[in-house]
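**Student:** Right, I'll just put the structure down here and ask away after.
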Amino acid sequence: MPHTEGIVALIAAHVFVLFFALSWGVVVWVFLGEMFPNRIRAAALGVAAAAQWIANWAITAGFPSLSDWNLSGTYIIYTIFAVLSIPFVVKYVKETKGKALEEMG
């Protein structure tokens, strides 16, 4: 079957979107709302949300050039950054379960 690779890529992309939507896709917005002290929360959340959208745009705009260079290499780069995020999250992201919003930040 000549289209097997395309089908696998399509399924993989859908699986990625599903798992992202069930994890960081939602968590990042909750996290941003909890990480800033009340006195600066609104302004800081605005800056953080803008940074998030700029990063999303940069990845989207940069992907075609990177994939033209080397598609596998592009995914390896993305994987490395994802793996590097794990120790960051473990070290710096504190559990907020059972805390009031005013206690966070």
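The values are calculated or read from the model by the stated rules, or taken from the named source; none is laboratory data. Computed from a predicted model, the values in this text were never measured in an experiment. FYI the Cβ positions are ideal-geometry reconstructions off the backbone, even for glycines, and counts take in every protein chain you see. Calculation scope for accessible area: heavy atoms of the full protein, side chains included, ligands and nucleic acids excluded. Shrake-Rupley method; radii C 1.70, N 1.55, O 1.52, S 1.80 Å.
**Student:** What longest range of the chain stays clear of loop-exposed trypsin sites (Lys or Arg not before Pro) (DSSP non-H/G/I/E/B, at most 12 other C-beta within 10 angstrom)?
**Tutor:** Here the longest segment lacking exposed loop sites spans 1-93.
**Student:** Against the longest principal axis of the chain, how steep is helix 4-21, in degrees 0 to 90 to the nearest 10, with axes from Cα atoms?
**Tutor:** Helix 4-21 sits roughly 0 degrees off the main axis of the chain.
**Student:** Right, next: Pick from Leu32, Leu18, Leu66: which is most flexible by mean-square fluctuation in a GNM of the chain where alpha carbon atoms under 10 Å apart are linked?
**Tutor:** The residue with the greatest mean-square fluctuation here is Leu18.
**Student:** Using only Cα atoms, find the angle between the long axis of helix 41-92 and the longest principal axis of the chain, and express it within 0 to 90 degrees, rounded to the nearest 10.
**Tutor:** 10
**Student:** How much mean residue ellipticity at 222 nm does the chain get from its helices, if each DSSP H run of length 4 or more adds -39500 (n - 2.57) and you divide by all residues, to the nearest 500 deg cm²/dmol?
**Tutor:** Mean residue ellipticity at 222 nm (helix-derived): -27500 deg cm²/dmol.
**Student:** While we're here: Stick to the Cα atoms of the chain, pair each with every other, and give me the Kirkwood hydrodynamic radius in Å at one decimal.
**Tutor:** 16.5
**Student:** Which Cα, out of Gly6, Thr96, Ser23, lies furthest along the positive dipole direction of the chain (beta carbon charges, K/R +1, D/E -1)?
**Tutor:** Projecting each Cα onto the dipole axis, the largest value belongs to Thr96.
**Student:** Further question: Please determine, in degrees from 0 to 90 and to the nearest 10, the orientation of helix 24-34 with respect to the longest principal axis defined by the Cα atoms of the chain, where the helix direction is its Cα long axis.
**Tutor:** The angle comes out at about 20 degrees.
**Student:** When the chain is modelled as a GNM with alpha-carbon springs shorter than 10 Å, which of Gly46, Gly73, Gly33 fluctuates the most?
**Tutor:** Checking each option, the largest mean-square fluctuation is seen for Gly73.
**Student:** If you don't mind, another one. First compute the accessible area of the range 38-102 with a 1.4 Å probe, then give the percent of it belonging to carbon and sulfur atoms.
**Tutor:** The nonpolar share, carbon plus sulfur, comes to 71 percent.
**Student:** For the pair Ala12 and Ile86, what calculated FRET efficiency results from E = 1/(1 + (r/R0)^6), where r is the Cβ-Cβ distance and R0 = 22 Å, to the nearest 0.05?
**Tutor:** That gives a FRET efficiency of 0.60.
**Student:** Where Lys and Arg each count +1 and Asp and Glu each count -1, what net charge lies around Tyr75 among other residues with Cβ under 15 Å from its Cβ?
**Tutor:** So the environment of Tyr75 carries a net charge of -2.
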